[in-house]
1. What's the number of the only condition in (1) in contact with a strand residue (DSSP E or B) (Cβ under 6 Å, 6 or more places away or on another chain); (2) over 18 Å from Y147 (Cα atoms); (3) at pLDDT 90 or above; (4) in the same structural domain as N139 (by TED's automatic domain parsing) that Y32 fails to meet?
2. Identify, please: which residue in segment 83-124 is at pLDDT 90 or above and either of a type in the set (D, E, K, R) or not in a strand (DSSP E or B) (or both) and is, among those, nearest to N139 (Cα to Cα)?
3. Anything in segment 50-79 that is in contact (Cβ under 8 Å) with a residue 12 or more places away in the chain and surrounded by fewer than 16 Cβ atoms within 10 Å (Cβ to Cβ)? List them, or say none.
4. Please list, ordered by first then second residue, the pairs with beta carbon atoms under 6 Å, 6 or more apart or interchain, first in segment 136-152 and closer than 14 Å to W111 by Cβ, second among the charged types (D, E, K, R) and part of a strand (DSSP E or B).
5. Kindly indicate the residue of segment 34-49 that is touching a Ser or Thr at 6+ places or on another chain (Cβ under 7 Å) and either buried (at least 16 other Cβ atoms within 10 Å of the Cβ) or among the small types (G, A, S) (or both) and also farthest from L161 (Cα to Cα) among those meeting that condition.
6. Could you identify the single residue in S95, S125, S154, S88 that is small (G, A, S) and buried (at least 18 other Cβ atoms within 10 Å of the Cβ)?
7. Taking G41 as the residue in question, decide whether it is within 19 Å of the chain's Cα centre (by Cα), at pLDDT below 90, in a loop (DSSP other than H, G, I, E, B) and not charged (D, E, K, R).
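The values are calculated or read from the model by the stated rules, or taken from the named source; none is laboratory data. Note that the structure is a prediction, hence the values are computed from the model and not measured. In this analysis, Cβ positions are derived from the backbone assuming ideal geometry, glycine residues included, and neighbour counts consider all displayed protein chains.
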Amino acid sequence: MKKILYLFLVLPLLFSSCAKEEGCTDSQATNYNSDAEEDDGTCTYDITGVWTTTSAMLNGVEQLGGLIDTDLTYIWDNGDLGAEGYKSGVMVNYSIGTAVLTAGDPNVLVWSGDVYADQTQPNLSVPLSLTVNIDKLTNANNMTWRYVNYPTTSDTYVKTLVRCTTCSLNDWK
């Protein structure tokens, strides 16, 4: 009987000492935990750099290939965010402004700045503010943005972005 009692006392100790430490196991994440043995899904990534849009869906209709066929997003570590749109290798529009991640939700980015849509009139700009939900940041090189109220509340605009490995922030227009 004593052996059974000891067994019940020792078994919980064995299982509790075998618990694996959880945390972010992706070495590219800003909160990488080298001691973690099990990924707990909390990895966060630095979005500074240049991103290429691979898909831009407005209400389920692909927008790339229409007015623009290449869209680059530049994100600097000081909060500046710029975008360049190209058609057949020629820049047709760009925008520059400031992006702020909201304190309440680090996956919500608020951008405000100016859009220069007519290259024949480089001083003509339109002020614009956008809110973007960063739906997925699956790793350091892929993310999905869902625009809020763009261009109206009934529209759904979703962009898929991939980190540009051949681009540099110094390439900005």
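1. It fails just one condition, (4).
2. Step by step, filter segment 83-124, then rank; the result is E84.
3. Hits for segment 50-79 are T54, S55, M57, N59, G60, L67, D69, W76, D77, G79.
4. W145/K159; R146/D135
5. As a first pass, look at segment 34-49 and keep what is touching a Ser or Thr at 6+ places or on another chain (Cβ under 7 Å): 36, 39, 44-46.
Now restrict to residues that are either buried (at least 16 other Cβ atoms within 10 Å of the Cβ) or among the small types (G, A, S) (or both): 36, 45.
On the way: A36: 28, Y45: 14 Å.
By that ranking, first place goes to A36.
6. Values: S125 fails: buried (at least 18 other Cβ atoms within 10 Å of the Cβ); S154 fails: buried (at least 18 other Cβ atoms within 10 Å of the Cβ); S88 fails: buried (at least 18 other Cβ atoms within 10 Å of the Cβ).
Unique residue meeting the criteria: S95.
7. Yes, satisfied.
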